[in-house]
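First comes the structure, then the notes that go with it.
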Amino acid sequence: MSQEIVETLLNMMTEEQKAQLIKKLKSSDITDSKPQEPPAPCRLKQTGSQDARVSDDFTMKREKPQQKSIQVEVKKRENLFVDDGTEHKNEANKTPEIVPTARSRPKFEKVEQVCNYCKKSEMVHPQFVREFYTCVRCASGGAGR
């Protein structure tokens, strides 16, 4: 630290803080002239296989780690289930007897439409009836245009 910084810090401190600083400085070992060793670097837990490939000096190893999984032999297996019919054979699971409803909707009838381009008439499903009708031939770019 430079002399100016030290003086600025001392001017900013209260008398109590200065007394504490002096007390700590007196209690510490200043006679030790050896430089302190830096603390040991903390190591992170190796969680993945990629961490094992990176050494402490951050150099990469080229070999790939061995697979930790074991391959299982794939073979055809036989179904050992035997249905003896005991499950779901009670009254709560029985399908009720009902009579189907008669079909009452009438069958659709085609409607006549006239193409606005070629003026030909066509019978079409009622779902496709519209004011400006175009036949399939004209809609696909065929004759009449």
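The values are calculated or read from the model by the stated rules, or taken from the named source; none is laboratory data. Predicted model, so just to flag it, every value in this text is computed and none were measured. Because the Cβ atoms are built from the backbone with ideal geometry, glycine has one as well, and the counts that use them run over all protein chains shown.
What to note about this one:
- For region 28-42, the condition holds for no residue, the condition being that it is of a type outside the set (A, V, I, L, M, F, W, C) and either at pLDDT 75 or above or surrounded by 10 or more Cβ atoms within 10 Å (Cβ to Cβ) (or both).
- THR134 being in a loop (DSSP other than H, G, I, E, B), hydroxyl-bearing (Ser, Thr, Tyr) and touching a Cys at 6+ places or on another chain (Cβ under 7 Å): yes
- Filtered residues of region 53-102 (kept if surrounded by 10 or more Cβ atoms within 10 Å (Cβ to Cβ) and either in contact with a helix residue (DSSP H, G or I) (Cβ under 7 Å, 6 or more places away or on another chain) or not aliphatic (A, V, I, L, M) (or both)): ARG53, LYS61, PRO65
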